[in-house]
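The values are calculated or read from the model by the stated rules, or taken from the named source; none is laboratory data. What you see is a predicted model, and the numbers here were worked out from it, not measured in a lab. Reconstructed Cβ throughout: ideal geometry from the backbone, glycine too, with neighbour counts over all protein chains shown. To get the accessible areas, we keep the full protein, side chains included, count just its heavy atoms, and leave off ligands, DNA and RNA. Shrake-Rupley method; radii C 1.70, N 1.55, O 1.52, S 1.80 Å.
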Amino acid sequence: MAFVFLFKCANEETSLNFTPLLEQMACHLQARFYSVYKDNMASFYLQASAETTLEFAQKLSEILPFSLDFSFLSLKEITEPLDENLFQTISLSKPLFMNAKEHQDFLDKNSSLYANALGFVKNTAFKGAIIHSPKELIDCLTQLKEALKTQDFIPIHTSRGALSLSLKNPSPSVIFSDLSSVLSCTKLPLEDAKYLASLEKPCVKASLKSVFKDTFKNDEIIAQLPFDPILNLLCRILQDEGIEFVFTHANNSQEALLHYETLFKTPKRLITPTKKFVLENNLSTLAFKDELEFLKETPHSIVLYLSFKHPTRLLLHANGSLKTLLSVSFDFNQSFNLLKQDEKASRMLKNYETKFPNFYARILELSNYNLGGANLLDFFQILGFVLGYSEDFCTQSVISLAKECLRPKGPRIDYKILKDDSFKMALNFSKVMHSAMSFRLAGVENEILSLGILDSLAEFLGNFIWDNAQNFSVQEVTIAGDFFGEKVFLDLFVQYFPKTLTLKTHAFLDYE
């Protein structure tokens, strides 16, 4: 009998990383096997009885690490004849990383394999002297723990290169000992935090609970779990003394106290998990003339680009060219003048001046400058200043406050479209200002109003995308820009995204 196990994988390299683990299991069960990779799918064929195949599947569930890039899809019996010459009985390659059971034993003080890296870690040295045994490793990591308690920085060389660890000097980059520590200190829900425990050990941007902001000297951190066996063991040893996390800093010059190499290296990855998918926050290091050049490789689709650094774009990519669907250029003075000319809006301005004279003075001050641009997020900075959320118009206060909101929705802000001088569609920024300032006057809490500004934007974009997808017979939408890396907005955008359309991500989230 023959069976095929199907796995979804990110690329062929991922398939090659995982196949030795499958082959090793098949050899252990004395089954014949072969594997094939095609189009992000790895097929692992097993020639064995139904009982042996069931045992293989059971073992697989026990030892296959949870992975972002490799996941089990299905198992089915093969009824058509297969080429017998393809099957093999010996695995020609060894696994590059510990399986889930081996990793568990490596960290378990009661296991005979405690601190035994099984050859997956090599050239381990402490203070320049090679470590030869698990006992020596434990002794050296215990010394490192004591050094961390007394010294400001401890330089080490890990599977991701050189870095400095510190218990005394806070940094936005934090390694937690385990998932429960992450959940205790941050607002990350379990369904997002679980990705930190995947084989790839990515980083996730996480808002801190209020009680921990002073400890971390930040409102937000980049959280991760130990990304190789040695770091994991060190964190367990720290945990024995009630130390649940360690700060990491760049280290380019100091000689490493601890140095080691691993067979399997995971690159640093920043991700933003959402309900439907995991967004990779990968930036292109190539130089682009502008955002249009960056976006020209997108497929036939509606393209939405929201970046902190570059102009906002809502485009249609068709017939090899990019066409603007909505202009988001704004002129602050023009928006302010439109408010003064409108009867209802001018009454609101008078009330705003009476209730918030200092904030109104800010509007008058801003009108002395020719503020404007084509980046929606620049407008949000100005809006936050006008609403009194920040002391300057160069701070993203609206986004920061929205992250603090405990409610799922905020008030509905008016995002309306108008025809500009050349009869093209443009976003009406004075309407956004009018409704936001009105809710501020009504006493809506800062966090709730800020969430409303983002929530209403996401709903507006969802409706706009749907209308244009119908008009231009488009089935796909491509998103790009580092604003999508902000979970508070990504979740809202996915919530309002039209269910019948396909959401795609650009090869790179953004560029420098």
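Under a 5 Å amide H cut-off, with hydrogens placed 1.01 Å from N, Leu199 pairs with Phe66, Ser67, Leu68 among residues at least 5 apart or on other chains. Across region 391-399, computed HN-Hα scalar couplings (Karplus, 6.51 cos²θ - 1.76 cosθ + 1.60, θ = phi - 60°) run 8, 8, 9, 10, 10, 7, 6, 4, 5 Hz from first to last residue, x flagging Gly and Pro. From its DSSP helices (H runs of at least four residues, each -39,500 (n - 2.57)), the chain gives a residue-normalised ellipticity at 222 nm of -11000 deg cm²/dmol. In the assembled protein chains, Asp491 presents an accessible area of approximately 50 Å² (probe radius 1.4 Å). Which GluC sites (Glu not before Pro) from region 217-315 combine a DSSP loop assignment with at most 14 other Cβ atoms within 10 Å? Sites meeting the loop and neighbour criteria: Glu241, Glu255, Glu297.
When the Cα atoms of the chain are aligned to their principal axes, the ranges along those axes come out at 83, 65, 40 Å in descending order. Dividing the radius of gyration of the alpha carbons in region 93-221 by their Kirkwood radius gives 0.98 for Rg/Rh.
Once both axes come from the Cα atoms, what is the angle between helix 446-472 and the longest principal axis of the chain, in degrees from 0 to 90, rounded to 10? Orientation of helix 446-472: about 90 degrees from the principal axis. The length gained on full extension between Ile78 and Ser93, counted as 0.36 nm times the residue separation minus their Cα-Cα distance, comes to 2.8 nm. Answer rounded, prolate or oblate for region 317-442, using the Cα gyration tensor with square roots of eigenvalues a ≥ b ≥ c: rounded when a/c is under 1.5, else prolate when a/b is larger than b/c, else oblate. It is prolate, given that a/c is not under 1.5 and a/b is the larger ratio.
The slack between Gln151 and Ala10, meaning 0.36 nm per residue of separation minus the straight C-alpha distance, is 46.6 nm. Around the Cα centre of the chain, unit charges on the Cβ atoms of Lys, Arg, Asp and Glu (plus for the first two, minus for the last two) sum to a dipole of about 980 debye.
Relative contact order for the chain: 12 percent, from Cα pairs under 8 Å spaced at least 6 residues apart, divided by residue count.
Pairs from the table (Lys213/Lys403; Lys168/Lys213; Lys201/Lys276; Lys145/Lys209; Lys8/Lys201; Lys194/Lys275) lying more than 22 angstrom apart at Cα are Lys145/Lys209. Computed 3J(HN,Hα) for region 37-49, one whole-Hz value per residue from the Karplus formula 6.51 cos²θ - 1.76 cosθ + 1.60 where θ = phi - 60°, is 10, 7, 6, 6, 10, 10, 10, 10, 8, 10, 9, 6, 5, glycine and proline marked x.
Here each label is just a point 7 Å from Cα along the line to Cβ, and for Ala361 and Phe472 those points are 4.7 nm apart.
In whole angstrom, note down how far apart the Cα centers of region 30-98 and region 276-336 are. Between the Cα centres of region 30-98 and region 276-336 lies a distance of 42 Å.
If you place +1 on the Cβ of every Lys and Arg and -1 on the Cβ of every Asp and Glu, how big does the dipole about the Cα centre of region 1-118 come out, in debye to the nearest 20? Computed charge dipole of region 1-118: roughly 200 debye. Which of the three applies to region 399-512, rounded, prolate or oblate, going by the alpha-carbon gyration tensor with a ≥ b ≥ c and a/c under 1.5 meaning rounded? Oblate is the answer for region 399-512, as a/c is 1.5 or above yet b/c matches or exceeds a/b.
Within region 430-512, the trypsin sites (Lys or Arg not before Pro) that combine a DSSP coil assignment with at most 12 other C-beta atoms in a 10 angstrom radius are Lys499. The amide H of Thr124, built 1.01 Å from its N in the peptide plane, has Ile131, Glu261 as neighbours under 5 Å, considering only residues 5 or more places off or on other chains.
Per-residue surface analysis assigns Asp378 an accessible area of about 60 Å², computed on protein heavy atoms at 1.4 Å probe radius. Here Lys289 and Thr324 are evaluated by their C-beta separation; at R0 = 22 Å the FRET efficiency comes out at 0.80. Summing Cβ point charges (Lys, Arg +1; Asp, Glu -1) relative to the Cα centre of region 105-226 gives a dipole of roughly 200 debye. Close amide H pairs (under 5 Å, H built 1.01 Å from N) link Glu476 with Ile302, Thr502, residues at least 5 positions away or on another chain. Which listed residue (Ser93, Phe56, Asn110) has the Cα farthest towards the positive end of the charge dipole for region 1-137, taking +1 on Lys and Arg C-beta and -1 on Asp and Glu C-beta about the Cα centre? About the Cα centre, the residue reaching furthest to the positive side is Asn110. For region 360-407, chymotrypsin sites (Phe, Trp or Tyr not before Pro) are listed when DSSP marks them as loop and at most 13 other Cβ atoms sit within 10 Å of their Cβ; the list is Tyr369.
Using R0 = 22 Å, the C-beta based FRET efficiency linking Glu391 and Phe308 works out to 0.70. Multiplying the residue separation of Asp219 and Thr502 by 0.36 nm and removing their Cα-Cα distance gives an extension gain of 98.5 nm.
Taking a ≥ b ≥ c as the square roots of the eigenvalues of the Cα gyration tensor of region 7-142, is the shape rounded (a/c under 1.5), prolate (a/b larger than b/c) or oblate? Prolate shape, in that a/c is at least 1.5 and a/b is the bigger ratio.
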